[in-house]
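Enquirer: Below is the structure I would like to discuss, written out as structure tokens.
Coordinate-derived values only; no laboratory data. Source: prediction; values computed, not measured. FYI the Cβ positions are ideal-geometry reconstructions off the backbone, even for glycines, and counts take in every protein chain you see.
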Amino acid sequence: MKKLSEIRVGKAVIIKEFSSNEIFIKLMEMGCIPGEIIKVEQIAPLGDPISISVVGYSLSLRINEAENILVEEIA
């Protein structure tokens, strides 16, 4: 598994789990739930924030939030 912050633009991944309970509820409310497929749409020039598409809409995450989302790349 990798951290979402390590995934390149254009890649689709499946959310596997969260490494921090602090951000778990916030991310779940935004549609980031285990088993959900997300795609990295854009990364800001300095690496923060990261724009992803999830459940049909775009969401921006700070790098520290993306580091807490463990994902698996789709082949």
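Enquirer: Picking from G56, Q42, S19, whose Cα lies most toward the positive end of the charge dipole for segment 2-73 (charges on Cβ: Lys, Arg +1; Asp, Glu -1)?
Expert: Farthest towards the positive pole: Q42.
Enquirer: Compute the separation of the alpha-carbon centres of segment 49-75 and segment 6-36 and state it in Å as a whole number.
Expert: So the two Cα centres are separated by 6 Å.
Enquirer: For segment 22-40, list residues with backbone N below 18 Å from a point placed 7 Å from the Cα of I63 toward its Cβ?
Expert: From segment 22-40, the list is 40.
Enquirer: Residues in segment 55-69, backbone N under 11 Å from the label point at E41 (7 Å along the Cα-to-beta-carbon vector): list them, ranges by number please.
Expert: 55-61
Enquirer: Then there is this: For Rg and Dmax of the Cα atoms in Å, several values are listed as (i) 14.8, 41; (ii) 12.0, 38; (iii) 10.8, 30; flag the one computed from this structure.
Expert: (iii)
Enquirer: Show that you can apply the helix-only estimate: for the chain, add -39,500 (n - 2.57) for every DSSP H stretch of four or more residues, divide by all residues, and state [θ] at 222 nm to the nearest 500.
Expert: -4000 deg cm²/dmol
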